[in-house]
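To keep things clear, I will list the structure first and then write my remarks on it.
Values quoted throughout were computed directly from the atomic coordinates according to the rules given, and no laboratory measurement underlies them. All figures in this text were calculated on a predicted structure; none of them were measured in a lab. For neighbour counting, all protein chains shown are included, and Cβ atoms are generated from backbone atoms with ideal geometry for every residue, glycine included.
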Amino acid sequence: MSQHESKITARIDSILYHQVQQNFHHGQQTQLFRNIFKSLYEIIKNDRFDEITDYLYKGKPLMLPEIKND
């Protein structure tokens, strides 16, 4: 993967955001989102994108693969 970084922005309900955010310091939040994206990348790379859309649109569970931090 590239060594360049990108910033993401998403609109989240304020109450939900603050309830989650208060439990993680900035570095933990960053690592959490990096790992989620790495897991999603692995799912997509392994041709299992339908698992993500089933989670988004059908309320099905989504199991993220284990990520090894280098």
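Along the charge dipole of the chain, which of Gly59, His25, Leu40 sits closest to the positive end, that is, farthest toward it, with unit charges on the beta carbon of Lys, Arg, Asp and Glu (+1, +1, -1, -1)? Of Gly59, His25, Leu40, it is His25. Per-residue ellipticity at 222 nm computed for the chain from its helices equals -17000 deg cm²/dmol, with DSSP H segments shorter than 4 residues left out and the rest contributing -39,500 (n - 2.57). In terms of its Cα atoms, the chain spans 34, 33, 20 Å along the principal axes, sorted from long to short.
Bridgeable lysines around Lys38 (alpha carbons under 21 Å apart, same-chain partners fewer than 8 residues away excluded): Lys7, Lys60, Lys68.
The charge dipole of the stretch 14-58, taken about its Cα centre with unit charges on the Cβ of Lys, Arg, Asp and Glu (plus for the first two, minus for the last two), comes to roughly 180 debye.
Using the Cβ-Cβ distance between Asn23 and Tyr55 with R0 set to 22 Å, the FRET efficiency from 1/(1 + (r/R0)^6) comes to roughly 0.50.
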